[in-house]
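The next block holds one structure in the form of structure tokens; read it before the comments.
Bear in mind these aren't lab numbers, they're just calculated from the coordinates by the rules spelled out. The shown structure was predicted, so the numbers you read here are calculated from the model rather than taken from an experiment. Note that we place each Cβ from the backbone using ideal geometry, even for glycine, and neighbour counts take in every protein chain shown.
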Amino acid sequence: MKNYTFLNRVFILLTVILTTFSVEKTNAQGCVAVRQMGGLSLCSTNSYNLQKGEFQVGANYRYFHSWRHFIGTEEQPQRQTTGGGVDANGNSLGNAVNIYSHAADFTVSYGATDRLQLNATIPYVNNERSQVLNQTSPTAKIFRYSVYAQGFADVRLSANYWIFDPKKAEKGNIMVGVGVKLNTGSHNKTDDAPQANGTIQNVVMDQAIQPGDGGVGFSLEFQGFRKLTGKLYGFANGYYLFNPRESNGTFKSAAKLGLEGYNVYACPDQYFGRAGMMTTVDKKNNLSVSLAGRIEGIPAYDAIGGQVAYRRPGYVIAVESGISYRKGKHGITLFVPYNFVKNRIQSAADIADQNIQNARIANPANYVHVQGDAAFADYSINLGYTYRFSLHNTMKMSVTH
């Protein structure tokens, strides 16, 4: 009974760690476009690992609305109040880009052994981008419109391994993993959009709402937990996605002189890290709560491959509250990270443009600084469900009856 109680607690802990791992490898929540990746989520009634021959299926839903624009860590509040014309009452309207993102992961995990798990995830996204157009013809007017991109995103396959034998490592363990992100999501979705000259054209959607990034990547992952005292556990998890392809061939806009290549969308790396504490709050150890700090984003330069392409790099740092509940073979989780740091860092294109301009300036005191902006969300909502079963046990029960 003692081990059963302990393992119930660890099940809840691992549901917290790993269900979030499947949801959160997806976004810096806005124009900093981290792709929907999916991943592993474990749920158990009597152990924290998937045992040999066991399956788990899960679904995770994520929503965010990005609308706050930043250059570096400085918010651009004028984007909320200027450049978007005026309303019927004469109030100034903003030209901020708004992104509304709905995403769902569908994951299947299998215990190849008591320590090795194999996982496959199929993500689906439905994204909207709302923006302002200054129309010049046939009549001058300013108005807001929306475009959309939806479809299956980049499928992910992964394998994870517990460093220590779960049967013996009751107070803590570490899981390491490798993954492959396939190029299954479209990176060149189009939609009809009004133009400044009054026409409607079918154009390629912005990188921020595309289902895929156009590259095949691989990831290194880790996750772990440790009992601190009583019902209190510490946990951490993270990953880095290496996306070696330089660009996906989709043009953002016409190239500036000397910046050829930087007008083509990149296949960017991405990263995620999270650490915190959790505890159970009921006598049966079915309900747990957690509090964690987290960072996620995309770098200005890839670790492997070329850098001549367009991306909006940056990161968010968040405080995340979570709640997890399990009943039998079922598990439900809810996590809400709130982003208190939003940083749109200089991109490779920004730096290249800056260098070209400054090379023409004789006086260093007049050097320019080039840095684009990006929109971020204040928070995201992440809801997950898992169900665990064994085909072997099902077959035995069928034969018995």
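The lysines whose alpha-carbon is closer than 19 Å to the alpha-carbon of Lys252, local same-chain residues fewer than 8 away aside, are Lys189. With a Förster radius of 25 Å applied to the C-beta separation of Leu232 and Lys284, the computed FRET efficiency comes to 0.90.
Quickly estimate the mean residue ellipticity at 222 nm for the chain, helices only: each DSSP H run with n ≥ 4 gives -39500 (n - 2.57), and the total goes over all residues, rounded to 500.
Values: 3 runs with 45 residues, N = 401.
Theoretical 222 nm ellipticity from helices: -3500 deg cm²/dmol.
Stretching the chain fully between Thr73 and Leu118 yields a gain of 12.3 nm (0.36 nm per residue, less the alpha carbon separation). Taking amide H positions as modeled 1.01 Å from N, with prolines and chain starts lacking one, the residues under 5 Å from Thr190 and 5 or more places away or on another chain are Met205.
For Lys168, a cut-off of 19 angstrom between C-alpha atoms picks up these aspartates and glutamates, skipping any fewer than 8 places away in its own chain: Asp114.
Residues whose amide H comes within less than 5 Å of that of Val216, counting only those at least five positions distant or on another chain, are Arg245 (H built at 1.01 Å from N in the peptide plane). In this structure, the pairs whose alpha-carbon distance is over 29 Å, taken from Lys231/Lys327; Lys171/Lys284; Lys181/Lys231, are Lys181/Lys231. In the range 327-398, taking the dipole from charged Cβ atoms about the Cα centre, the farthest positive-side position among Phe335, Val368, Ser390 is held by Ser390. About the centre of its Cα atoms, the chain shows a dipole size close to 1560 debye [charges on the beta carbon of Lys, Arg (+1) and Asp, Glu (-1) only; nearest 20 debye].
All C-alpha to C-alpha distances of the chain, sorted into 20 Å bins beginning at zero, yield P(r) values of 26, 51, 20, 3, 0 percent in whole numbers. Under 5 Å from the amide H of Gly314 lie the amide H atoms of Ile298, Ile345, each residue being 5 or more positions distant or on a separate chain, with H modelled from the backbone and absent for Pro and chain starts. Across the range 260-266, coupling constants 3J(HN,Hα) worked out from phi with the 6.51/-1.76/1.60 Karplus curve, θ = phi - 60°, read 4, x, 6, 9, 10, 5, 7 Hz, and Gly and Pro carry x.
Mean Kyte-Doolittle hydropathy of -1.0 or higher plus an axial Cα length of 24 Å or more: which whole DSSP H helices in the chain meet both? For the chain, where a helix must reach 24 Å along its axis and average at least -1.0, the hits are 2-24.
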